[in-house]
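Scroll down for the structure; my scribbles are underneath it.
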Amino acid sequence: MASVMPIRQFSTCLRCVRQTPGANGTRRLLSTSAVAREEVQTHPSNATPPPPSSNPPTGSAQNASPQEIPEYMQKWGTLDPQMVENKKQERRLLRREHVQPVGSRRRRAALRRSTMQQAPEVPFEQLPYQCFQEARKVLLEDRQEKIKEIETQQLRIKNVMDQDPAVSGGPMEKEARIRSMRARLSELIILADINDPVVKRKFEDGQGDMNKPIYRYLAEQKWRKYKRLVLEQRITQLAVIPDLLPSLDLVADIDLGFGRKQVAPGDFVDSAISEKMPRLNVQTFTPGERLVTVVVVDADVPVPETDSFTYRCHFIASNIPISPTQTSIPLQRIAQEDHKTEDPAAKKISLPWIAPWAHKGAPYHRLAIFILEQNEAKALDVTRLSKTKRNTFNLRSFVDIYKLNAIGATLFRTKWDESMAGVMERAGHKDQINVELKRKRVEPLPHKRRTERMR
């Protein structure tokens, strides 16, 4: 299961600071938009970091010699990813070894104590606690009942499928009845394992098999309780919806990063970091493989001539397979494979990545990343997609033309910084480096002019 990264909360609601476009067609004007420093600021929360992934990445510090590690870090002693049991040790492990702790904190504490006491390791389901074993007997009896109900439900579905539609009230009624019975069957499969302590332990330790319905269900519930709520808050407060799409039902978990830097939804990313393609991890919770299209759109391209904003497409890649167990979307690798492929129709990237850039003095730019599911897993024509215009890109029309369904989205923000000039020059926008946007001075009302002169 994808690890949950710490997410920062807003200190002020953006709806109180900045008006979003309404149904009456109100536009946000370039001349009246606040600069980045006047917008709402974000600050890191003090929330407890969630459990890390069970597959820790191998860091460069693991192979580093003691001379390369600072002296004060060497005094921390040995830090075993299997046995660190408090927040301080976890932070030190990440800082010095660049390695994530393995499993849950409770599991690591138990392993450490059993190692210190030199006690033989006992399988979890054979722990010698009478209350625990008696509870397992009750849970086992309940599971056997659920298995019998599952077998009965499967037999009922088979009988209804073999039945004449006229007996069920027509083909539509028969299909509706079968859908209802299959939904009940899925519910029974979840209930059969939902209370199993071994299942819960494996899920908490990040060892769950996402091919099994119970682990997909637990992962989805955990995502919906916190991470989805924060992502929905950021997308709504930053007006990605309805600026780019009229509505969006988030059903997939997306982790965004640049290199080794994890990016929370709505974070500012340095222009030198965002110059390279991001890495995406998309976790779905429904079985089966599907094809998706990845689209990156800048929703805040200023148009000084009309005192307004427009859109720019920064990246489009199609025909990318994902599933509950195949979550990574390696855009860098896909770009390398496309570079080696001579057939244009066999490529996946139709519009290559261009670095996000912003003028000096302009408001921050929202870079929205959408995961769009392709209709019936049919491959799209990349040659046709490559003719899409980057400037004045309309995501609504794009989704309607190719019959796509948005299943997830995230975003990051960019603004003018010390690296932006170099990024713009390498991107071929050298003539825009010296352009600076300034806010238009709003003249006071007549009855306030004399008051302002007297101040």
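The table that follows gives values for the structure above.
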item: Options A166, A176: the member that is among the aliphatic types (A, V, I, L, M), assigned to a loop (DSSP other than H, G, I, E, B) and exposed (fewer than 14 other Cβ atoms within 10 Å of the Cβ); result: A166
item: Qualifying positions in the stretch 409-454 - exposed (fewer than 12 other Cβ atoms within 10 Å of the Cβ) and in contact with a strand residue (DSSP E or B) (Cβ under 7 Å, 6 or more places away or on another chain); result: E436
item: Residues located in the stretch 191-249, provided they are open to solvent by 30 Å² or more (accessible area, probe 1.4 Å) and aromatic (F, W, Y); result: F203, Y217, Y226
item: Members of the stretch 250-277 that are open to solvent by 50 Å² or more (accessible area, probe 1.4 Å) and outside any loop (DSSP other than H, G, I, E, B); result: K261, Q262, F268
item: Scan of the stretch 224-246 for residues that are touching a strand residue (DSSP E or B) at 6+ places or on another chain (Cβ under 9 Å) and over 21 Å from D298 (Cβ atoms), ordered by number; result: K227, R228, V230, Q233
item: Residue in the stretch 236-243 that is at pLDDT 90 or above, of a type outside the set (S, T, Y) and outside any helix (DSSP H, G or I) present; result: yes
item: Number of the exception - R143 against (1) modelled with pLDDT of 80 or more; (2) in contact with a Lys or Arg (Cβ under 9 Å, 6 or more places away or on another chain); result: (2)
item: Those residues of the stretch 391-408 which are without any contact (Cβ under 8 Å) to a residue 40 or more places away in the chain and open to solvent by less than 90 Å² (accessible area, probe 1.4 Å), in sequence order; result: S397, N405
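The values are calculated or read from the model by the stated rules, or taken from the named source; none is laboratory data. Predicted model, so just to flag it, every value in this text is computed and none were measured. Heads up, the Cβs are rebuilt from the backbone with ideal geometry, glycines too, and the neighbour counts pull from every protein chain shown. Please note that ligands, DNA and RNA were not included when accessible areas were found on the heavy atoms of the full protein model with its side chains. Shrake-Rupley method; radii C 1.70, N 1.55, O 1.52, S 1.80 Å.
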